[in-house]
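To start, the structure under review is shown below, and the notes come after it.
The values are calculated or read from the model by the stated rules, or taken from the named source; none is laboratory data. For clarity, every value in this text was computed on a predicted model and none was experimentally measured. Heads up, the Cβs are rebuilt from the backbone with ideal geometry, glycines too, and the neighbour counts pull from every protein chain shown. What goes into the accessible areas is simple: the full protein's heavy atoms, side chains included, and nothing from ligands, DNA or RNA. Shrake-Rupley method; radii C 1.70, N 1.55, O 1.52, S 1.80 Å.
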Amino acid sequence: MTYTKNDISKQLSEMNVPKDRIIILHSSLKAVGKVEGGAEALLDALIEHITADGGLLCIPAHTWHNIGKEITLDMNSFDNCLGAFSTVALKSGKGIRSENPIHSLVVFGDKDKAEEFIKGEPFVKTSTGKDSCHGKLYSENGYVLLMGVAQNRNTYLHAVAEILNLPDRMAASPLAVTVKRTDGEIINREMTLYSCSFTGDISQRFTKYDTAFRYHRCITDGFIGNAPTMLCDAKKMADTIALIFERSGGTDPLKDEAAIPQKWYCNK
């Protein structure tokens with residue numbers, strides 16, 4: 001089946017995707033399938049729906065693959081490590097790219113609102129801290145839209161770890177990062193990155209939260225094109241994780257591959 005922009009808009013409406021909130025999208029273009037007009041038409045449908053009443057659509061254009069290189073983020077480049085749809089978003093020229101050294105976003109919507117949202121990103125101490133765009137998703141009652149991907153792609157959950165000050169999630173020492181601005185100015189600074197003592201990539205275990213998220217109605221399911229899609233309430237996800245850690249008695253719920261015990265998140 002080939003989907004039209006109208007088909008995509010209808011699917012977004014059926015999921016009750018807000019038009020007045022900040023939404024960070026993680027996606028698999030392949031999972032969506034064929035869209036009339038290609039990825040550009042899909043992007044336009046998302047922008048038109050999500051920004052209709054003042055919302056902001058944020059598409060990640062991360063550059064963590066450049067850590068250790070001379071330039072971490074070059075604002076004059078379309079370079080990113082997240083694939084085709086992020087590149088389409090960058091090349092569209094319709095959004096504003098944030099200057100977060102490793103977790104840059106392309107933000108679509110009202111220009112003044114977008115600029116205010118991304119202000120300060122070159123200088124955040126951690127890439128997903130409270131004052132970063134990802135951290136603001138909590139304070140602004142925003143959402144994460146997972147289009148054809150799972151929670152292990154949900155960068156916002158790193159922000160939750162920082163907001164809740166979860167143990168064993170951050171490196172002891174910062175690393176050097178560099179932003180090259182569009183005017184050629186170079187910003188050299190340090191940033192503290194993620195680190196976990198019991199696994200190399202803690203995000204691969206974020207899918208363990210799904211059952212608890214669904215129990216607490218953090219997720220609305222639907223489709224965009226052929227892609228199973230989850231609309232995730234940022235604040236509800238953070239509150240659910242806080243509850244799990246509160247009830248776990250000091251045991252990290254992501255320490256192994258076992259399911260999170262129901263008593264850590266079910267209503268008593």
Matching residues, the range 224-263, being touching a Gly at 6+ places or on another chain (Cβ under 9 Å) and not β-branched (Val, Ile, Thr): Gly225, Asn226, Ala227, Pro228, Met230, Leu231, Asp233, Ala234, Lys235
Options Ala172, Ala150: the member that is in contact (Cβ under 8 Å) with a residue 12 or more places away in the chain, within 24 Å of Leu29 (Cβ to Cβ) and of a type in the set (A, V, I, L, M): Ala150
message: I'm trying to understand the selection: among the residues of the range 228-268, which are open to solvent by less than 70 Å² (accessible area, probe 1.4 Å), touching a Leu at 6+ places or on another chain (Cβ under 9 Å) and in a strand (DSSP E or B)?
response: Thr229, Met230, Leu231, Cys232
- line: Filtering the range 1-19 for residues that are in a loop (DSSP other than H, G, I, E, B) and either touching a helix residue (DSSP H, G or I) at 6+ places or on another chain (Cβ under 8 Å) or over 20 Å from Asn141 (Cα atoms) (or both) leaves a count of 6
- request: Could you check Ile59 against (1) within 18 Å of the chain's Cα centre (by Cα); (2) more than 19 Å from Glu115 (Cα to Cα) and say which number it fails?
  value: (2)
- request: Any chance you could count how many residues in the range 228-249 are of a type in the set (A, V, I, L, M) and more than 17 Å from the chain's Cα centre (by Cα)?
  value: 3
- line: The correct count of residues that are without any contact (Cβ under 8 Å) to a residue 24 or more places away in the chain, within 24 Å of Gly129 (Cα to Cα) and among the charged types (D, E, K, R) in the range 192-244 is 3
